[in-house]
Amino acid sequence: MKSLYKIAFLVCVSVAVSSCKDNLNPNYQYMPNMYESVAYETYSESNAFKNGKEGQLPAEGSINRGFEVYDYPNSTAGYDAAKANLKSPLDSTSVNMDKAKELYEIYCAICHGNAGDGKGKLVTQGKYLGVPNYKDRPITEGSVFHVQQFGLNAMGSYANQMSKEERWLVTAYVMKLKSEL
């Protein structure tokens, strides 16, 4: 009887061991891309796009999400047109001058000075020369906003750092500084 149990045990173990691996019928793989990812060559053609070489272009007339339309071009003529025609959409009674002053001190005072006299920290250290004094310049709301939008001479654009409303707040503060000089 003991030998019958031993034989039955050996038969069960051999069946269990032999049933785990079958070279003719491999095991199933769930989510095979996790184990065997598709290798792509960098900068190679792909059939993921219609023409096989580059991505699809946006639809004609579409604009990027979050893009703010600005009607004046980045040119001297655009600057002159903005200077003559562009007015602030903000109500002058609702402008938060504390926020405007804070934005001016963050972005502008380093060159233009806290008073708008063109004697900011970088100017007094000799890093930049020729930064304009607001008193000496014939500026308008439109010209200040246009310069913040595109930059002028050595000054770069602040369109990526400040929103449209924040640029209008800084414009209001610059005009306030000009009136005080």
Yes or no: Leu103 modelled with pLDDT of 90 or more, open to solvent by less than 60 Å² (accessible area, probe 1.4 Å) and touching a helix residue (DSSP H, G or I) at 6+ places or on another chain (Cβ under 6 Å)?
yes
Those residues of segment 67-100 which are touching a Ser or Thr at 6+ places or on another chain (Cβ under 8 Å), outside any loop (DSSP other than H, G, I, E, B) and open to solvent by less than 50 Å² (accessible area, probe 1.4 Å), in sequence order
Tyr79, Ala82
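Determine if segment 119-130 includes at least one residue that is in contact with a His (Cβ under 7 Å, 6 or more places away or on another chain) and surrounded by 20 or more Cβ atoms within 10 Å (Cβ to Cβ). If you could, list the steps in order and put the result at the bottom.
At the first step, the residues of segment 119-130 found to be in contact with a His (Cβ under 7 Å, 6 or more places away or on another chain) are 120.
So of that shortlist, the ones also surrounded by 20 or more Cβ atoms within 10 Å (Cβ to Cβ) come out as 120.
Yes, the conditions are met somewhere in segment 119-130.
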In segment 113-158, residues that are of a type outside the set (Asp, Glu) and not in a helix (DSSP H, G or I) total 28
(1) open to solvent by 30 Å² or more (accessible area, probe 1.4 Å); (2) part of a loop (DSSP other than H, G, I, E, B): which one isn't true of Met162, the others all being true?
(1)
With the checklist (1) under 23 Å from the mean Cα position of the chain (by Cα); (2) at pLDDT 75 or above; (3) loosely packed, with under 10 Cβ neighbours inside 10 Å in hand, flag the one item Glu41 doesn't pass.
(1)
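The values are calculated or read from the model by the stated rules, or taken from the named source; none is laboratory data. Everything quoted here is computed from the prediction, not taken from an experiment. Backbone-built Cβ (ideal geometry, glycine too); neighbour counts: all protein chains shown. Each accessible area value is taken on the protein alone, full model and side chains, heavy atoms only, with ligands, DNA and RNA left out. Shrake-Rupley method; radii C 1.70, N 1.55, O 1.52, S 1.80 Å.
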